[in-house]
1. Within segment 269-314, which residues are of a type in the set (K, R) and in contact with a Ser or Thr (Cβ under 9 Å, 6 or more places away or on another chain)?
2. Scan (1) modelled with pLDDT under 90; (2) part of a helix (DSSP H, G or I); (3) not charged (D, E, K, R) for the single condition N77 breaks and write down its number.
3. Looking at segment 21-41, which of its residues are open to solvent by less than 40 Å² (accessible area, probe 1.4 Å), within 14 Å of R157 (Cα to Cα) and part of a helix (DSSP H, G or I)?
4. Output the number of the condition that P83 fails; it satisfies all remaining conditions of (1) at pLDDT below 90; (2) out of contact with any Leu (no Cβ under 6 Å at 6 or more places or on another chain).
5. Just one of G131, G113, G62 is modelled with pLDDT under 90 and under 26 Å from V30 (Cα atoms); which is it?
6. Go through segment 113-153 and report how many residues are buried (at least 24 other Cβ atoms within 10 Å of the Cβ), assigned to a loop (DSSP other than H, G, I, E, B) and in contact with a Ser or Thr (Cβ under 9 Å, 6 or more places away or on another chain).
7. From the list S251, S292, S247, which residue is hydroxyl-bearing (S, T, Y), within 24 Å of G161 (Cα to Cα) and modelled with pLDDT of 95 or more?
8. Which one is nearest to G236 (Cα to Cα) among residues in segment 154-189 that are surrounded by 19 or more Cβ atoms within 10 Å (Cβ to Cβ) and of a type in the set (A, V, I, L, M, F, W, C)?
Amino acid sequence: MDRGVEVVQVQVAASGLRLDRALADAVPQVSRERMKALISSGQVSDAAGVLHRDPARKTEAGQAFAIALPRPAPAHNEAQAIPLMIAYEDEHLIVVDKPAGLVVHPAAGNLDGTLVNALLHHCGGSLSGIGGVARPGIVHRIDKDTSGLMVAAKHDRAHEGLARQFAAHSIDRRYKAIVQGRPAPPAGTVDAPLARSPANRKKIAIVPGGKRAVTHYRTLSPLRHAALVECRLETGRTHQVRVHMASLGHSLLGDPVYGRTTHSLRGPLETLNFRRQALHAAHLGFIHPINSSALAFDSELPADMQELFNILRV
């Protein structure tokens, strides 16, 4: 594997620090945890070429260390010039507004033409390697046929900072969905654990002992035999909004897995040739993992959902 080499000289201010901390402070694009792993695996040597494998050893001012940085393995496919709608970008991260139909990362059946391929082209290969071969930069994902906002990391430190927020459920994620019927009450909370369905491993279901999943919903607009709702995720599980709303008897319009279109709604869906779950990641808020600024982004309903909304308007 191709490798880059970063040479660091310990400054007076870093004298006496642990080796992993001193080197991570000097190479900000590499997190301390990754630096620790690099040291332990024999990727750090001194000026004499001697390997140092103890992350806890103390440093001295003036010492020089060479760090071999393995480059992330390329994704299954090369960068591809796929158009992106960019909501925000800096040297650390990028927020994109993903269209419905675009797969997030390469996998069996979709080895190219993905968001990852587009990001590799746009970012010139400068993406976090934590996601591995197929998922560089990817911190979270949304379903192929769900549209809306996603954040990707350009280096490992940004990735780890964002991942900590997702793990702590502190990311503000709100989806807009068009559901069958009108929820009663019009606002509420679904707190029901999710896991792979014992009856069908391709589906997610409410399963006792599954991962905790909490969705807060509120009706934004009553429609004919339907409603536009906002779903705020307290947790972020696979298919969470789709399964939780279906559990209330208000499955998402167009959902081919968890919904069954009622007769009264079949006509509008067929008129518009609407073939996906009516779900859009409309709001994304988080703390910037490097400079700690508060960021928040909003995305309008895409054209297909707006047309569906208009045709169902009371």
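The values are calculated or read from the model by the stated rules, or taken from the named source; none is laboratory data. None of the values given here were measured: they were computed from a predicted structure. Every residue, glycine among them, receives a Cβ derived from its backbone with ideal geometry; neighbour counts consider all protein chains shown. Protein only, heavy atoms only, side chains kept; ligands, DNA and RNA dropped before computing areas. Shrake-Rupley method; radii C 1.70, N 1.55, O 1.52, S 1.80 Å.
1. Going through segment 269-314, the residues of a type in the set (K, R) turn out to be 275-276, 313.
The answer is R276, R313.
2. (2)
3. So the first thing to find is which residues in segment 21-41 are open to solvent by less than 40 Å² (accessible area, probe 1.4 Å), and the list is 22-24, 27, 30-31, 35, 38-39.
Applying the additional criterion that residues be within 14 Å of R157 (Cα to Cα) yields 23-24, 27, 30-31, 35.
Of everything in segment 21-41, those that are open to solvent by less than 40 Å² (accessible area, probe 1.4 Å), within 14 Å of R157 (Cα to Cα) and part of a helix (DSSP H, G or I) turn out to be L23, A24, M35.
4. Looking at each condition in turn, P83 falls short on (1).
5. G131
6. 3
7. Values: S251 fails: within 24 Å of G161 (Cα to Cα); S247 fails: within 24 Å of G161 (Cα to Cα).
Exactly one residue qualifies, and that residue is S292.
8. L162
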